[in-house]
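**Student:** Just dropping this structure here.
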Amino acid sequence: VGLHNHGFWRPKPLLDTARFTLSFNSWHRKNHQDSQALWKHEAVQKYLETLSKEYQQVSHQLSADSLNDFEQRALRRRCADLSPIAAAFQEIKEAEREVQELEAMCTELDSRDEKQLLELALEEKESLDKKMNMLCRKLFQLLVPKEKYDKSPVILEVTAGRTTGGDICQQFTKEMFEMYQSYADYKRWTFDIMNYVPAEIGGLHHAAAHISGENVYRHLKYEGGTHRVQRIPETGMSSRMQRIHTGTMSVIVLPQPEEVDVKVDPRDLRIDTFRAKGAGGQHVNKTDSAVRIVHLPTGLAVECQQERSQQMNREIALRTLRAKLYQQVIEKQLSQEQSARKLQLGTRAQSERIRTYNFTQDRVTDHRISYDARNIKEILSGKEALDKLINRLLEFAEIEAVTQYLENLQALEEGG
């Protein structure tokens, strides 16, 4: 918190995203924290006390008659920033007091052997603990700055990896694409398939979809990366061996701001047409309706074969190309915090996997947060179980952001 020469409070961001890099790599600490555990950290308490005092002082400053219009506007903006944080801070303090009173009551009831009353008190304490965690999560969401593209629609691409065993990757890629399609339906988003290249044995080589709706990129931004599958194949030659095969597929999630205005010189394009293909290599139609466009200066290539009309496929492919060219601009902006493609893909090596789907053990493991979920079918159904996993990732990201910021702040203070 700082003062101008004229004595009024200077508005500034709560958490400056340029001051830290959001990364899961540093999150493998000995004791994984949740929102409530972080709330109890001394540095967090100190920081929130500072913000709460600043809110009181800003509110007091606003009542002064000597402020000019510029100073009034600056103070109102800062007051609007701090008000929900100060309110959440007080709400958690009150809930914390209630928890302490209940703990004291539980100790007394236990000493008097009042089992029934103790059981009721413990139930109430469990309910209060959940409320505390929810309030802490809400507070940290207020503290962590919203990413520029959190509300943006996305282009989601899936690509099958390669492995001995053949069709395991393609089948898994199809299941993953259908999972995200179901998740979009669960979240009431719009899911428009832009490209779909099926494999010959019923799987999927590559697909892309445009997903739009409320906070799409916020929920899907950590899905990008290499996903690993471990299972005994159900079909094909490898299924007869009854041995576990390992395969991978990759997901890329690219934010797409609504206004994508990139000028493309027609002379920089090479446009090829070919016949669209369906499963088993059979032609969907007998005309060259599918379109592939290559942007010669960058080497970017896109294709579309979803529509029967070559003109419609051409328009969709051009729109996708503009979006990918615009993505290069976005990535330059993101590179200071995290490079979208680098974070999501790495070298596509199995060692860089973000998640493993082990069918034989019926377990999904997210390696970035050491989180295990049972019942793969529920995850792949793209509903509540997947939403829970994604929200767990978001919570860890928020905690990591706050933790890193406070660590940097402490380092600056110690450095003078």
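**Student:** Rounded to the nearest 20 debye, what is the charge dipole size of the stretch 35-145 about its Cα centre when +1 sits on each Lys and Arg Cβ and -1 on each Asp and Glu Cβ? Mind showing how you got there, number by number?
**Tutor:** Values: 16 positive and 22 negative charges, 146 e Å.
With only Lys, Arg, Asp and Glu charged at Cβ, the dipole is about 700 debye.
**Student:** Can you pull the percent of the stretch 28-96's accessible area that's carbon plus sulfur, 1.4 Å probe, other chains left in place?
**Tutor:** That share works out to 47 percent.
**Student:** Something else: If R₀ is 22 angstrom, what is the calculated FRET efficiency for the pair Arg275 and Ala301, using the beta carbon separation as r and rounding to 0.05? Write down the numbers at each step before the final one.
**Tutor:** Values: r = 18 Å, r/R0 = 0.81.
The value I calculate is 0.80.
**Student:** At q = 0.10, 0.13 Å⁻¹, what is the base-10 log of I(q)/I(0) for the stretch 35-145 according to the Debye formula with one equal point scatterer per Cα and no solvent? Please give it to two decimals.
**Tutor:** -0.43, -0.62
**Student:** For a protection proxy built on the mean count of beta-carbon atoms within 10 angstrom, sort 112-118, 377-383 highest first, please.
**Tutor:** Ranked from most to least packed, the peptides come out as 377-383, 112-118.
**Student:** Which peptide among 129-136, 64-71 comes first, and what is the full order, when sorted by highest mean count of other Cβ atoms within 10 Å?
**Tutor:** Descending mean neighbour count gives 129-136, 64-71.
**Student:** Hey, another quick one. Which value, in Å³ per residue, describes the convex hull spanned by the Cα atoms of the stretch 57-117?
**Tutor:** For the stretch 57-117, the hull spanned by Cα atoms encloses 79 Å³ per residue.
**Student:** Residue-wise, which Karplus ³J(HN,Hα) couplings in Hz belong to the stretch 108-120, taking 6.51 cos²θ - 1.76 cosθ + 1.60, θ = phi - 60°, and x for glycine or proline?
**Tutor:** 5, 5, 5, 5, 8, 6, 8, 5, 5, 5, 4, 4, 5
**Student:** A follow-up question, please. So for each of 215-226, 174-185 I average, over its residues, the number of other beta carbons within 10 Å; can you give me the resulting order with the highest mean first?
**Tutor:** The densest-packed peptide leads the list: 215-226, 174-185.
The values are calculated or read from the model by the stated rules, or taken from the named source; none is laboratory data. Here the structure is a predicted model, which is why all the values come from computation and not from measurement. Reconstructed Cβ throughout: ideal geometry from the backbone, glycine too, with neighbour counts over all protein chains shown. All accessible areas refer to the heavy atoms of the entire protein, side chains included, with ligands and DNA or RNA removed. Shrake-Rupley method; radii C 1.70, N 1.55, O 1.52, S 1.80 Å.
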